[in-house]
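Below is one structure, written out as structure tokens; the observations come after it.
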Amino acid sequence: MKSPEIARRHDRITSLLASHDSLSAAALADLLSVTVQTIRSDLRMLDQEGTIRRRHGSAYLLTPGDNIGYQPRLEMSRDEKARIGEAVASIIPPGASVALGTGTTVEACARALCRHEGLTVFTNSIHAVLALHLAPRISVSLAGGAVRLRDLDFIGSESVEFFAGLRLDYAVFSVGGISPDGDLLDFNMEEVRARRAIFESARHRIVVADQSKLGRPAPHAFGTLWDAETIVSGSEMPSLMDELEQADTRFIQV
């Protein structure tokens with residue numbers, strides 16, 4: 001387990017790399033006011049986790065066609081994701097029907113929802129099921145099909161069919177990235193189809209996105225921020241606020 005100081009610094013490194021093609025160890029050391037030796041140690045750890053890659057003295061995030069492994073993502077922006085989860089839990093009342101998507105931010109939302117009684121939850125995430133197992137008087141249905149072992153979730157055709165016939169109160173889902181124009185992005189078409197099915201299953205759609213997602217590229221788009229009713233994020237989105245207000249999309253910064 002990383003110390004809080006190292007975890008915060010690693011979050012800052014990944015956020016900086018998300019907004020640059022690459023950065024040298026010296027540049028990162030200057031931006032974070034630490035020594036180059038400290039940054040080199042950080043980059044070595046992040047490389048071993050599969051979060052970044054090092055090349056010729058510089059570091060960069062994985063290519064847009066790849067996503068970071070689940071465990072490294074779980075460590076990134078942990079405090080921010082917990083705040084996002086608490087904000088989502090304040091929106092969803094006890095007794096509601098809820099679709100939960102995949103990803104570490106949605107897992108944080110599931111943990112926060114454990115205090116709610118009488119929820120009816122539909123999800124394609126095994127992590128979400130495990131997070132909810134102590135919730136009082138809760139009903140959980142899990143999508144079937146082939147398990148994606150790296151992320152412990154279901155994103156194939158069975159998952160799409162699972163959500164297609166549902167009409168729920170709320171849907172909570174994350175994204176692979178958000179373009180500067182507000183497009184919701186993801187890394188492969190199966191993920192896009194599953195997220196779109198979740199999106200269409202509920203009357204109130206909640207997009208959850210930690211700071212690393214804003215401006216992060218991914219190859220497939222499946223909607224825009226203002227298609228949702230609520231956005232919960234730790235990042236400011238000043239360039240997109242006019243469109244969100246015009247669409248009557250609520251933006252909550254945590």
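Please treat every number below as a calculation from the coordinates, not as lab data. None of these values were measured; they are calculated from a predicted model. Note that each Cβ is placed from the backbone with ideal geometry, even for glycine, and that neighbours are counted across all protein chains shown.
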Neighbouring Cβ atoms within 10 Å as the yardstick, rank Arg44, Arg196, Arg111 fewest first.
-> Arg44, Arg196, Arg111
Alpha carbon Rg of the stretch 4-61, scaled by the compact-globule rule 2.2 N^0.38 Å = 0.95
Least to most buried among Cys114, Cys109 (fewest other Cβ within 10 Å first) | Cys114, Cys109
Burial-style ranking of 134-140, 206-212, average other-beta-carbon count within 10 Å with highest first, yields 206-212, 134-140
Taking 0.36 nm per residue of separation between Ala146 and Arg250 and subtracting their Cα-Cα distance, the length gained on full extension comes to 33.9 nm
Rounded tilt (10° steps) of 4-18 against the dominant C-alpha axis of the chain | 90
Under 5 Å from the placed amide H of Ser77, counting only residues 5+ away or on other chains, we find Asp11
Work out how much length Asp183 to Tyr60 would gain on full extension: take 0.36 nm times their residue separation and subtract the Cα-Cα distance, in nm to one decimal.
-> 42.0 nm
Please report Tyr60, Tyr170 as a ranked list, fewest other C-beta atoms within 10 angstrom at the top and most at the bottom.
-> Tyr60, Tyr170
How far is it, in nm, from the label point at Arg203 to the one at Thr120 when both lie 7 Å from their Cα along the line to the Cβ?
-> 1.3
In whole percent, what relative contact order does the chain give with Cα contacts below 8 Å and a gap of six or more residues?
-> 15
